[in-house]
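One structure is given below, encoded as structure tokens.
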Amino acid sequence: MQIQFLGTGAGMPSKTRNTSSLVLKLLEERGTIWLFDCGEATQHQILHTPIKPRKLEKIFITHLHGDHIYGLPGLLGSRSFLGGEKPLTIYGPKGLKEWIELTLITSQTHLNYSIEYVEVEEGVIFEDEDFIVNAMPLQHVVPCFGYRIEQKPLPGALQFEKAINLGVPKGPLLGQLKNGLDVTLEDGTIIRSDDVTEPPKEGFTVAILGDTRYCENAITLSKNADIVIHEATFDHSTEELAANYGHSTNLDAANVANLAGAKNLLLNHLSARFFPRDIEEMLKQVKEIIPNSYIVNDFDEFNWQQGEMILR
Ligand SMILES: [Zn+2]
Ligand SMILES: [Zn+2]
């Protein structure tokens, strides 16, 4: 799994930060990519990366502010133009479907794939054999959701030699054992999957939070997460503004991650008011609470490998 940031700015684009968007690359896990928010010109940002729009399987929108959705119509059109035929699922607050459909109709944009819309409410919004995604409302000036993405435990590797020695013939029975099923041999012996497989490996958990002031649900979504992605529109000196505008400071974000017991923190949605030296100071403060923290820049990419988050 990798996380790449396509836009890390708040409100408006600046020369160095585009508006909000990031991808969760699940290429090894499911051969697809999930996009979270889609600020204006997200597709232009994608052009600077190896990301293929047709690989997009799901798009999750946190809220309907322009800096999180204005890139959608163009990207949806290009995905079709570039040969995307597989269905796409878009998750977001009430009103998103109507806005997208009206825009596509008005501009006579025809897509060669179908879109399934899921109107997000609190709770499980997606689950399959491998992943579960939970949503909870945050506290912004419009309805806004945070997402918790959990990879389910991976089945442990098959202890091949051990199974063979117990009399399991080469063939489909080995596959069943690997998939957690007990099997009966021809002579009636029962071989238990648990006896010939390594213990399951834990999956990863990532919390991707939208715009919000400091709130309890952000902590709940981040509980023991491997990686928390939290906005930091303001810093200590502009603290009062943060609460009024439904945003967080860098320290709000660090406190959320800390109370949740999270190990790694990525701060995005940075105001253009900050100079590099301010950012440095903000990061220093955050690292005192969560040592493995980053204030991310556009195109930063993080690798999740063997339980560690590493900047590529
Ligand atoms: Zn925003
Ligand atoms: Zn917003």
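The values are calculated or read from the model by the stated rules, or taken from the named source; none is laboratory data. The shown structure was predicted, so the numbers you read here are calculated from the model rather than taken from an experiment. Reconstructed Cβ throughout: ideal geometry from the backbone, glycine too, with neighbour counts over all protein chains shown. Just so you know, the surface numbers come from the protein's heavy atoms only, side chains and all, with ligands and any DNA or RNA stripped out. Shrake-Rupley method; radii C 1.70, N 1.55, O 1.52, S 1.80 Å.
Checking each residue in the range 125-165 for being more than 29 Å from residue 80 (Cα to Cα), loosely packed, with under 13 Cβ neighbours inside 10 Å and charged (D, E, K, R) picks out only 161. Applying the criterion of being open to solvent by less than 70 Å² (accessible area, probe 1.4 Å) and among the hydrophobic types (A, V, I, L, M, F, W, C) to the residues of the range 93-108, the residue that is farthest from residue 53 (Cα to Cα) is 96. Of the listed requirements (1) part of a strand (DSSP E or B); (2) open to solvent by less than 40 Å² (accessible area, probe 1.4 Å), residue 177 misses just one: (1).
So that you can scan it fast, the table gives a plain yes or no per residue for (1) open to solvent by less than 50 Å² (accessible area, probe 1.4 Å); (2) modelled with pLDDT of 95 or more; (3) touching a strand residue (DSSP E or B) at 6+ places or on another chain (Cβ under 8 Å); (4) charged (D, E, K, R):
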{"residue": "65", "(1), (2), (3), (4)": "no, yes, no, no"}
{"residue": "79", "(1), (2), (3), (4)": "yes, yes, yes, yes"}
{"residue": "85", "(1), (2), (3), (4)": "no, yes, no, yes"}
{"residue": "88", "(1), (2), (3), (4)": "yes, yes, yes, no"}
{"residue": "91", "(1), (2), (3), (4)": "yes, yes, yes, no"}
{"residue": "113", "(1), (2), (3), (4)": "yes, yes, yes, no"}
{"residue": "123", "(1), (2), (3), (4)": "yes, yes, yes, no"}
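Just one of (1) within 20 Å of residue 6 (Cα to Cα); (2) surrounded by fewer than 21 Cβ atoms within 10 Å (Cβ to Cβ); (3) in contact (Cβ under 8 Å) with a residue 60 or more places away in the chain fails for residue 307. It is (1). Checking each residue in the range 96-116 for being within 16 Å of ligand 1 (Cβ to nearest atom) and either closer than 22 Å to residue 31 by Cα or not in a helix (DSSP H, G or I) (or both) picks out no residue at all. Taking the range 199-302 and the helices (runs of 4 or more DSSP H) fully enclosed by it, the elements with 1 or more residues that are within 16 Å of ligand 2 (Cβ to nearest atom) and open to solvent by less than 50 Å² (accessible area, probe 1.4 Å) are at 216-222, 239-244, 250-260. A count restricted to the range 180-198 and to residues that are over 30 Å from residue 225 (Cβ atoms) and open to solvent by 100 Å² or more (accessible area, probe 1.4 Å) stands at 4. For the range 31-80, which residues satisfy the criterion of being within 21 Å of residue 130 (Cβ to Cβ) and not in a loop (DSSP other than H, G, I, E, B)? Result: 32, 33, 34, 35, 36, 54, 55, 56, 57, 58, 59, 60. State which residue is surrounded by the fewest Cβ atoms within 10 Å (Cβ to Cβ) when the search covers only the range 29-44 and only residues that are within 19 Å of residue 298 (Cα to Cα) and more than 16 Å from ligand 1 (Cβ to nearest atom). The selected residue is 44.
For residue 242, are the conditions met, namely being of a type in the set (Gly, Ala, Ser), touching a strand residue (DSSP E or B) at 6+ places or on another chain (Cβ under 7 Å) and within 15 Å of ligand 1 (Cβ to nearest atom)? Criteria met by residue 242.
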